[in-house]
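The values are calculated or read from the model by the stated rules, or taken from the named source; none is laboratory data. Note that this is a predicted model, so its numbers are computed, not measured. When we count neighbours, we look across all protein chains shown, and the Cβ atoms used for this are built from the backbone with ideal geometry, even at glycine. Ligands, DNA and RNA are stripped out before the accessible areas are found, and what is left, the full protein with its side chains, is counted by its heavy atoms. Shrake-Rupley method; radii C 1.70, N 1.55, O 1.52, S 1.80 Å.
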Amino acid sequence: MSESRQATSDSGHPRFLIGCEDDERRELEETDMRNISRSYGEEEDDEDQSMERQIVVGICSMMKKSTSKPMTEILERLCKFEYITVVIFPEEVILHEPVEKWPLCDCLISFHSKGFPLDKAVSYAKLRNSLLINDLNMQYFIQDRREVYRILQEEGIDLPRYAVLNRDPDRPEECNLVESEDHVEVNGEIFHKPFVEKPVCAEDHNVYIYYPTSAGGGSQRLFRKIGSRSSVYSPESTVRKTGSYIYEEFMPTDGTDVKVYTVGPDYAHAEARKSPALDGKVERDSEGKEIRYPVMLTALEKLVARKVCLAFKQTVCGFDLLRANGHSFVCDVNGFSFVKNSMKYYDDCAKVLGNMVMRELAPQFHIPWSIPMEAEDIPIVPTTSGTMMELRCVIAVIRHGDRTPKQKMKMEVRNALFFDLFEKYGGNKTGKLKLKKPKQLQEVLDIARQLLAELVQHNDCEIEEKKSKLEQLKTVLEMYGHFSGINRKVQLTYLPNGQPKASSGEEDSQKEGPSLLLVLKWGGELTPAGRVQAEELGRAFRCMYPGGQGDYAGFPGCGLLRLHSTYRHDLKIYASDEGRVQMTAAAFAKGLLALEGELTPILVQMVKSANMNGLLDSDSDSLTDCQQRVKARLHEIMQKNRDFNEEDYQKLAPTSSPSLVNSMGVIGNPVRTFDQVHTLIQSLTSQICKRLEDPKSANLQLYHSESLELMLQRWSKLERDFRMKNGRYDISKIPDIYDCIKYDTQHNSSLGLEETLELFRLSRALADIIIPQEYGITKAEKLDIASAYCLPLVKKIQLDLQRTHEDEAVNKLHPLYSRGVMSPGRHVRTRLYFTSESHVHSLLSIFRYGGLLDELKDEQWKQAMDYLSAVTELNYMTQIVIMLYEDNNKDPSSEERFHVELHFSPGVKGCKDEDNAPMGFGFRPASSENHEKQTNPGSLEDLSQDEPDRAALSEPMSIHRKSPLIRNRKAGSMEVLSESNMSSRGAAFRIFPSSSRQSPDIKPSGLGFEGCSMVPSIYPLETLHNSLSLKQVDEFLTAVCKNGSETQFKRLKSLSAMFDTQPSMDAESQDTPMTTPVQLSQPPSRPLWYSSGPPSTVSSSGPSSPSLAEPSSNFEFNSE
């Protein structure tokens, strides 16, 4: 047979016959087919007397499948069974010959794929009564997703909540679809975005995922892989209007899918791959194959695999698992499919199939055969040794990236229309309401338009809202011509007795009765520069994981990316509900995990919104007593028209922080400095007005699509608000002024406006005092305010550290596939918390002033405190990083078993920072007691060379590099680049070193990331301490939580007493829906300050208040 390939047995008889060679579609001639039929048909009866009967396994599928590499690998192994011969049915015969002329076989492996005549295969199976490896009739069901889901449900297998939309004229009752902006209702079942839309036909791979407007809207369109793409993002947000679909709940899987391959009910191989919904880029290896990694299934998942295999009667069966929220859900059953590129799987599959065939057919052919018994493979996992330590946990709290200036307007409203809106969206339940959705903002805009129209018609009407404020409300809501929940929002807070008279000396007499405080916030969007900062920081963060420095394309087996793909990386990313914070988290994830494309799909799948117990948000707009006292003292000190004296220094800077003392020196006389700042703002607004009059500048486009008119509005509002009617200055506007001038100096310097640098210098000096001191002036105040802000976050960090050393099987790599994987037993827990300035200030205060270590007894901690005192600003992308290591050689009960490190970076470099930037002691420097032993003081290990298995190093370990770059005086900072990646990936890692710290080989570009102007670089991580024990940290966090809870409890008691003096609501009115503003004047069943609703933002004019939890609240979190 010239056109067929053969595997021969010892006796010379053909054992493995294939109808074509490799991937070429060569057909067997009819004579050849008749020969094959005769070889294994009735004509062999005579020969059977002299030799054992061969069992013929027939492969009946399309030729592309029959001759694929996995099929060939498995069939070659199957032929090693002494009594098995394989014959492949040629495609020409399958398609054009009647089943009576098909080759004979005792066992049939047949499966459907595009173009395959399943009906003929069913007829053949009925005619020949062969043993079926995969049931053929069930393959009709597998082609219909509705049937697949029905069978899964009947078997009690978990699957996503779903509904079927059948567009069938004969069954109109199954075609009820109501589409709204952020959800669809399918036959009465509501699916909020994000949700998935799947065609009912399993052959149609055009699956769409629709995203909510709060995440940017649009949809991800999945399709069968084309080249290196498997999906594409589309701005289209409306569902398809033709065809039948399954709508199902979207499962947040952290960006990886698990594909499971069964070979019979007792064998399942599982692989992880990047979810096609994430960025649509298919990760491929050097051979062009999609990169996947084997993972271990849990006991429950193995049971699911067994159920799927038996329910669909498919011995060889592939299906998809989604691991989400601690559960596993089956979302697709593919039927017959093999694993690609796994020699271990090929061996196992052939062994299981061969044993199955022999067990079923050997007795009837009188073949002497028994199932071989094999000992279980013993999983041998390499462990660390010596002083090597294994990285177990990384916790990072990170401030969001560069943003547009935040702006805010407050107005008291009493009109019934506002009260109706407040009640409509449930504000009466908690006493506060946040409106972010486009539909809600449209309603606010409609009310503003209606009231303004009434004011024009009736000047003497009873509309109490100020016309100027209503006009500003209308103008801001009409900006951009469309709404986006990410960059504007309205907050309404119920005031039972109206708003107290403002300190700015407003002339209006105070009205009696209840009112609503309307706070309009806009701006504060993440800029393109902010996205780049976050993405680059994410990319550089890989360096903290073993193997992270290697070029990923050249070493796909190393570092964080493989760690994540193999489920050895337990990653959770949390963000507050602010758009800029969520987008920062998504951009960081994009860099960390080497993703591509739009941020919306990454945001929806990777970032968890942490609206729970004030974890990352501040729920209340009411300041604590301590904060009010602090603000009053700040206001008093900063309003003195004389130079600061010794008493002022003691009052304002009792901690003697160098950054504060220096700023006070720059300011001298605060009122005179305020006068200068106000004059400079007036100069700036007049310059912008002149530019607007110039025809050349009329259509000038500023950074991030801002116009000169919007820039003028920004500065004019600050000019009006900064100097109050009584001639005094509102110091709460200083952070806003600094915010705006920092933005314009960085992004709009091309305008060439005069004296902007002087305004920047003065406002920065003022902000360097006011912003940090609003979080407390004395150490006790700083701790009190800090615990009010971030007690839930501290409890969560403590839980993250405690949970790490528990054994989590789901995050371990299957040891049998660990060849070429560094430390296959390792599973690393990463928790990233993205938040705003208030939480970063507060958490740092807890570490600085909470009593973690004694500066007098610990030299390293004293140096760290000196460094932190010199830091003037916690800028965008500020990071507080906690790393936990385990020494497997130490006794599990020993304090030396777990080792904690604390690191910090003040984030993005400001303008003119190079000269006076404080210097730390590098990243992971040698501790003093080991310093003499080290010839090359510690940094991250360089794993760009393919070295034997090793975990992240503990600080006493010396690292010898084969080709180190020249080091400068600052050993230990995160700047080490191997020569191999200097050329290809230098830009990616340049984010960590400051230019003052680069080696002589690297010339600072001064342009920030990758030559992109207007994107300042980020300060490197500095180690605050690198020899803490886990017990030490745990006891410290326990004490902080205990003290914070007691303080909050006292505060709550005093607040409750204050509210108890108000008339209580009678029993009948508690359940009555409120329809008029009058009813709102009675306190609801919970105090008005209590909020279970979504949190509010932190304004740039200082901290908004922290959440006040109930005394009984224990801030319970799950292990995530």
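Applying the criterion of being in contact with a helix residue (DSSP H, G or I) (Cβ under 6 Å, 6 or more places away or on another chain), modelled with pLDDT under 85 and within 18 Å of Thr404 (Cα to Cα) to the residues of the range 447-488, the residue that is least open to solvent (accessible area, probe 1.4 Å) is Gly485. Checked across the range 221-228, the condition of being aromatic (Phe, Trp, Tyr), within 28 Å of the chain's Cα centre (by Cα) and open to solvent by less than 10 Å² (accessible area, probe 1.4 Å) holds for no residue. Kindly establish whether Lys259 is in a strand (DSSP E or B), open to solvent by 50 Å² or more (accessible area, probe 1.4 Å) and touching a residue at least 60 places away in the same chain (Cβ under 8 Å). For Lys259, the condition - in a strand (DSSP E or B), open to solvent by 50 Å² or more (accessible area, probe 1.4 Å) and touching a residue at least 60 places away in the same chain (Cβ under 8 Å) - is not met.
Among the residues of the range 631-644, is any part of a loop (DSSP other than H, G, I, E, B), modelled with pLDDT of 80 or more, buried (at least 20 other Cβ atoms within 10 Å of the Cβ) and of a type in the set (Phe, Trp, Tyr)? The answer is yes; a qualifying residue exists. Residues that are open to solvent by 20 Å² or more (accessible area, probe 1.4 Å) and either out of contact with any strand residue (DSSP E or B) (no Cβ under 7 Å at 6 or more places or on another chain) or closer than 25 Å to Phe250 by Cβ (or both) within the range 277-295 comprise Lys281, Glu283, Asp285, Ser286, Glu287, Gly288, Lys289, Glu290, Ile291, Arg292, listed in sequence order.
Tell me, yes or no, whether the range 152-170 has at least one residue that is over 37 Å from the mean Cα position of the chain (by Cα) and part of a helix (DSSP H, G or I). Checking the range 152-170: not a single residue is over 37 Å from the mean Cα position of the chain (by Cα) and part of a helix (DSSP H, G or I).
Check the range 648-671 and report whether any residue there is open to solvent by 20 Å² or more (accessible area, probe 1.4 Å), of a type outside the set (Phe, Trp, Tyr) and over 19 Å from Ile771 (Cα atoms). Scanning the range 648-671 turns up no residue that is open to solvent by 20 Å² or more (accessible area, probe 1.4 Å), of a type outside the set (Phe, Trp, Tyr) and over 19 Å from Ile771 (Cα atoms). Listed by first and then second residue, the pairs with beta-carbon distance under 9 Å, at least 6 apart or on different chains, first residue in the range 687-698 and farther than 11 Å from Leu712 by Cβ, second in a helix (DSSP H, G or I) and open to solvent by 100 Å² or more (accessible area, probe 1.4 Å), are Ser697/Lys690. Residues in the range 716-731 that are part of a helix (DSSP H, G or I) and out of contact with any Cys (no Cβ under 7 Å at 6 or more places or on another chain) were compared, and the one that is surrounded by the fewest Cβ atoms within 10 Å (Cβ to Cβ) is Arg720. In the set Glu236, Glu185, only one residue is outside any strand (DSSP E or B) and without any contact (Cβ under 8 Å) to a residue 40 or more places away in the chain; that residue is Glu236. The residue that is least open to solvent (accessible area, probe 1.4 Å), among those in the range 838-853 that are in contact with a strand residue (DSSP E or B) (Cβ under 9 Å, 6 or more places away or on another chain) and assigned to a loop (DSSP other than H, G, I, E, B), is Leu852.
Residues are listed down the side, and each one gets a yes or a no for (1) open to solvent by less than 60 Å² (accessible area, probe 1.4 Å); (2) under 30 Å from Val207 (Cβ atoms); (3) modelled with pLDDT of 90 or more; (4) outside any helix (DSSP H, G or I):
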residue	(1), (2), (3), (4)
Phe319	yes, yes, yes, yes
Leu322	yes, yes, yes, yes
Ser328	yes, yes, yes, yes
Gly354	yes, no, yes, no
Val357	yes, no, yes, no
Trp369	no, no, no, yes
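From the list Ile741, Ile785, pick out the single residue that is crowded, with 21+ Cβ neighbours inside 10 Å, at pLDDT 95 or above and either assigned to a helix (DSSP H, G or I) or within 32 Å of the chain's Cα centre (by Cα) (or both). When all the criteria are applied, what remains is Ile741. Residues that are more than 50 Å from the chain's Cα centre (by Cα), surrounded by 16 or more Cβ atoms within 10 Å (Cβ to Cβ) and not hydroxyl-bearing (Ser, Thr, Tyr) within the range 98-124 comprise Val99, Trp102, Pro103, Leu104, Cys105, Asp106, listed in sequence order. For Arg562, the test of being at pLDDT 85 or above and open to solvent by 20 Å² or more (accessible area, probe 1.4 Å) is failed. Mind listing whichever residues of the range 579-596 are modelled with pLDDT of 85 or more and not aliphatic (A, V, I, L, M)? Answer for the range 579-596, where residues must be modelled with pLDDT of 85 or more and not aliphatic (A, V, I, L, M): Gly579, Arg580, Gln582, Thr584, Phe588, Lys590, Gly591.
Scanning the range 196-233 for residues that are of a type in the set (A, V, I, L, M, F, W, C) and in a loop (DSSP other than H, G, I, E, B) yields Val200, Ala202, Val207. Does the range 863-875 include one or more residues that are open to solvent by 40 Å² or more (accessible area, probe 1.4 Å), assigned to a loop (DSSP other than H, G, I, E, B) and at pLDDT 70 or above? Checked against the condition, which is being open to solvent by 40 Å² or more (accessible area, probe 1.4 Å), assigned to a loop (DSSP other than H, G, I, E, B) and at pLDDT 70 or above, the range 863-875 yields at least one hit.
In the range 1009-1027, the residue that is modelled with the lowest pLDDT out of those that are crowded, with 22+ Cβ neighbours inside 10 Å and more than 25 Å from the chain's Cα centre (by Cα) is Asn1026.
Within the range 578-599, residues that are of a type in the set (Lys, Arg) sit with their Cβ atoms under 7 Å from residues that are open to solvent by 20 Å² or more (accessible area, probe 1.4 Å), at 6+ positions apart or across chains, in these pairs: Arg580/Glu525; Lys590/Glu535. Can you find even one residue in the range 262-269 that is of a type in the set (Phe, Trp, Tyr), more than 24 Å from the chain's Cα centre (by Cα) and open to solvent by 10 Å² or more (accessible area, probe 1.4 Å)? Yes, some residue in the range 262-269 is of a type in the set (Phe, Trp, Tyr), more than 24 Å from the chain's Cα centre (by Cα) and open to solvent by 10 Å² or more (accessible area, probe 1.4 Å). Scan the range 92-107 and tell me whether some residue there is part of a loop (DSSP other than H, G, I, E, B) and in contact with a His (Cβ under 7 Å, 6 or more places away or on another chain). Taking every residue of the range 92-107 in turn, none turns out to be part of a loop (DSSP other than H, G, I, E, B) and in contact with a His (Cβ under 7 Å, 6 or more places away or on another chain).
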